[in-house]
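See structure below.
The values are calculated or read from the model by the stated rules, or taken from the named source; none is laboratory data. Computed from a prediction, not measured in an experiment: that's the story for all the values here. Please note: Cβ atoms are built from the backbone with ideal geometry, for glycine as well, and neighbour counts cover all protein chains shown.
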């Protein structure tokens, strides 16, 4: 995946946020990208507040790539960039949404680009099949995903459901369970869209009465 990341970064000259789940992976990528001549800012939970502020400042002023663990997906406004690369993908899709939210927020006046890297026949590939192809996650407004997943299962989180599927040993059994989970997501998205449309109709009617 590192070679795919390097190939992608060579295709444009804008700033990019690259997220990974592990500090070890972050350190590895830092070495790879520095050897390619990129100016890097690194951000992870082990840094103190001053070091975190310095990393954000370095990214804003000079660095081309902001390498971050999940710590960078919370509470930081980085809308001066518009490209997010998910080097690896957390099983909890709300954490993916948090990552994207660092650049896709108030003050962002450009189109946001999201790049996801994964290997075939991995749980990350299954995750993208479900989130991207089934419910078009990356077209949603921030906050909508949580509402959709709320219609999926009252007893288990999406992360737990995905883990149950991945734990199945037989490939055909796993594919069947994945199709079932995908169908559930499609129904959850349809239910959310129906509720959203009804709410918009109600609010629209209230607005018309108020202006009458």
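See the values below:
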item	result
Set 66, 12: member being in the same structural domain as residue 102 (by TED's automatic domain parsing), closer than 16 Å to residue 84 by Cβ, at pLDDT 95 or above and outside any helix (DSSP H, G or I)	66
From 50, 71, residue being out of contact with any helix residue (DSSP H, G or I) (no Cβ under 9 Å at 6 or more places or on another chain), surrounded by fewer than 19 Cβ atoms within 10 Å (Cβ to Cβ), in a helix (DSSP H, G or I) and not assigned by TED's automatic domain parsing to the domain that holds residue 158	50
Criterion violated by residue 26 - all others in (1) assigned to a helix (DSSP H, G or I); (2) at pLDDT below 90 satisfied	(2)
Hits in the stretch 161-175 (condition: more than 16 Å from residue 122 (Cβ to Cβ) and surrounded by 13 or more Cβ atoms within 10 Å (Cβ to Cβ))	161
Residue check, residue 190 closer than 17 Å to residue 131 by Cβ and out of contact with any helix residue (DSSP H, G or I) (no Cβ under 8 Å at 6 or more places or on another chain)	yes
Yes/no for residue 59 being part of a helix (DSSP H, G or I), touching a strand residue (DSSP E or B) at 6+ places or on another chain (Cβ under 9 Å) and within 29 Å of residue 123 (Cβ to Cβ)	no
Residue in the stretch 20-38 that is surrounded by 12 or more Cβ atoms within 10 Å (Cβ to Cβ) and closer than 13 Å to residue 81 by Cβ present	no
Neighbours by Cβ (under 7 Å, 6+ apart or cross-chain): first from the stretch 54-75, farther than 16 Å from residue 100 by Cα; second part of a strand (DSSP E or B)	55/41; 55/42; 55/43; 58/41; 59/41; 59/66; 63/40; 63/41
Residue 207 under 21 Å from the mean Cα position of the chain (by Cα) and either modelled with pLDDT under 90 or surrounded by 10 or more Cβ atoms within 10 Å (Cβ to Cβ) (or both)	no
Residue in the stretch 116-132 that is free of Cβ contacts under 8 Å to residues at least 12 places away in the same chain and on the phi > 0 side of the Ramachandran plot present	yes
The one condition in (1) farther than 24 Å from residue 7 by Cα; (2) in contact with a helix residue (DSSP H, G or I) (Cβ under 8 Å, 6 or more places away or on another chain) that residue 77 fails to fulfil	(2)
Selection from the stretch 149-170 of residues that are part of a helix (DSSP H, G or I) and more than 21 Å from residue 116 (Cα to Cα)	160, 161, 164, 165
